[in-house]
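All remarks here apply to the structure that follows.
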Amino acid sequence: MRSLNSILELSVEELDGLIATAKDIIAHPEAYQDKCAHKKLATLFFEPSTRTRLSFEAAMLELGGSVIGFSEASSSSASKGESVADTAKILSCYADIIAMRHPKEGAPFVASLAASIPVINAGDGGHNHPTQTLADLLTISREMGRLDNLTIGLCGDLKYGRTVHSLIEAMSRYSGIRFILISPAELKIPGFIRYNVLERKHIPYTEVSSLDEAMPQLDVLYMTRIQRERFDDPWEYERLKDSYVLDTEKMKLAKERMCVLHPLPRVNEISVKVDDDPRAAYFRQALNGKYMRMALILKLLEEAKQNPAKQPLEVEGLEYDRVCRNPKCITQTEQELPQLFRCTDKAADIHRCIYCEQRA
Ligand code: CP
């Protein structure tokens, strides 16, 4: 049995397989309408969501299954102090698969260690959002006809934007990918992506602050919202919130054949006037998310049927003698959770928390 915490847990072959399944679902929806009959999805959302939760629910319903769950922590026993691990154990009694969103980084991973059913990370704090990446990959494949040899611009909040982190991890494994990272200095990409992915794999990337400058080079522009809810200082958010606005004038600088993605929700970073541009793919992207979540549910349930045993945590090489200082890490709130670290760079003596990937 397998869960999905990070997009890196899926090989490129598996990603391509999920895309192929999603395309087959689009072409032959009737062939899939009973595939999950008598199966239940639990959507455990401790943080707000429109697309991820409802597309997961629509996905399970269109597969003939049913859905239980909650959409805010206040309506669950988390409000009485129940842990993530206990919640996951309880839901293992009631459902066949869990999709969990949580503001604490690493919370779905903790749930996956405790549950006896597959757990899907539906977004954990500013860390990862692997199923958004599945939607992004299908969208790029359908819009551009390929997933390799692309120049991808990522614009906005690259520090807290979890969708950006997962997308870089995924696209770094395809050939001929180049990134242009467009952000204010305060919102640059975090170390676990810069060093563990881009530098380690020698992926070409440049960092710029001007969207206009990058625009003519891009095959894909991935716009993101400045993540107000992740800022400790509200004044810093006020200062940065209008850093980038994509409008019809900027679209004139872009290639004729390119596409604009956004995980949504948007605030003001894409003018609504851009919506009519055929290159604006973000609403199609939201629909693609449903098909990819259908493909993922099918894959994880099939794997759980073939091999119901839980995958144990691989503890070899982990270190216990440090403390995670990231206030957004699940280790800050989960009772008796062991602090565990992995050395990611021996020469530089860098150790990262296994839950949130921040440096010790
Ligand atoms: N893209 C995304 O995660 O949207 P929601 O927050 O609405 O789920």
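The values are calculated or read from the model by the stated rules, or taken from the named source; none is laboratory data. This one's a predicted model, so the numbers in the text were calculated from it and none came from an experiment. Cβ: placed from backbone, ideal geometry, glycine included. Neighbour counts: every protein chain shown. When the accessible area is computed, the model is the full protein with side chains, heavy atoms only, and any ligands, DNA or RNA have been set aside. Shrake-Rupley method; radii C 1.70, N 1.55, O 1.52, S 1.80 Å.
Leaving out ligands, DNA and RNA, and with a 1.4 Å probe, what % of the accessible surface on the chain is carbon or sulfur? Before the final figure, lay out the partial values.
Numbers: 7750 of 15610 Å².
Within the chain, the accessible surface is 50 percent carbon and sulfur.
Arranged from highest to lowest average of other beta-carbon atoms within 10 Å per residue, in what order do the peptides 308-320, 113-125 appear?
On the way: 308-320: 10.4, 113-125: 24.4.
Per-residue Cβ counts within 10 Å, averaged per peptide and sorted highest first, yield 113-125, 308-320.
Hey, how many Å between the Cα centroid of region 321-360 and the Cα centroid of region 4-56?
30 Å
Quick one: length gained pulling D16 to S75 fully straight, 0.36 nm per residue minus the C-alpha distance?
Details: separation 59, 0.36 × 59 = 21.24 nm, distance 3.77 nm.
Contour length minus the Cα-Cα distance gives 17.5 nm.
Compute the relative contact order of region 89-222 as a whole-number percentage, counting only Cα pairs closer than 8 Å that sit 6 or more residues apart in sequence. Numbers along the way, then the final one.
Values: 228 pairs, mean separation 28.0, N = 134.
It comes to 21 percent, rounded to a whole number.
Say we join alpha carbon atoms closer than 10 Å with springs in a Gaussian network model of the chain; which of D86, D232, D96 then has the biggest fluctuation?
Top of the fluctuation ranking is D232.
Taking a quarter of the surface of the convex hull around the Cα atoms of region 235-360, what do you get in nm²? All intermediate terms of the calculation are to be shown ahead of the outcome.
On the way: hull surface 54.9 nm².
That works out to 13.7 nm², a quarter of the Cα hull's surface.
What number, in percent, do you get for the relative contact order of the chain if the mean sequence gap of Cα pairs under 8 Å and at least 6 apart is divided by its residue count? Present the calculation step by step, with values, prior to reporting the outcome.
Numbers: 707 pairs, mean separation 67.1, N = 360.
Computed value for the chain: 19 percent relative contact order.
For region 103-120, what does the Karplus curve 6.51 cos²θ - 1.76 cosθ + 1.60, with θ = phi - 60°, yield as ³J(HN,Hα) per residue in whole Hz, taken in order and with x for Gly and Pro?
x, 8, 6, x, 4, x, 5, 4, 4, 5, 6, 8, 6, 10, 10, x, 10, 10
Which far-off residues, 5 or more places away or on another chain, put their amide H under 5 Å from the one on I270, with H placed in the peptide plane?
The answer is L246.
Could you tell me the relative contact order of region 130-286? Use alpha-carbon pairs under 8 Å, at least six residues apart, and round to a whole percent. Could the numbers behind the result be given before it?
Working: 271 pairs, mean separation 40.9, N = 157.
It comes to 26 percent, rounded to a whole number.
Suppose all protein chains stay in the model; what accessible area per residue would a 1.4 Å probe give for the chain, in Å²? The partial results should precede the final answer.
On the way: 15610 Å² over 360 residues.
Accessible area per residue: 43 Å².
Go through K250/K290; K241/K273; K39/K80; K40/K159; K159/K299; K104/K188 and tell me which ones have a Cα-Cα distance over 26 Å in this structure. Mind showing how you got there, number by number?
Values: K250/K290 30 Å; K241/K273 20 Å; K39/K80 29 Å; K40/K159 35 Å; K159/K299 31 Å; K104/K188 21 Å.
Those over the limit are K250/K290; K39/K80; K40/K159; K159/K299.
Under the rule that a partner needs its Cβ under 4.7 Å from the first Cβ, which Cys of the chain have none?
So, C36, C93, C155, C259, C343.
Taking 0.36 nm per intervening residue step and subtracting the Cα-Cα distance, what contour gain separates R146 from I26 on full extension?
Details: separation 120, 0.36 × 120 = 43.20 nm, distance 1.79 nm.
Length gained, R146 through I26: 41.4 nm.
Taking the chain as a Gaussian network, where each spring joins two C-alpha atoms under 10 Å apart, which residue of E256, E336, E302 fluctuates the most?
In the Gaussian network model the winner is E336.
Provide, in order from the shortest bin, the percent of all Cα-Cα pairs of the chain in each 10 Å bin, continuing until the bin that contains the maximum pair distance.
Percent of pairs per bin, in order: 5, 25, 34, 26, 10, 1.
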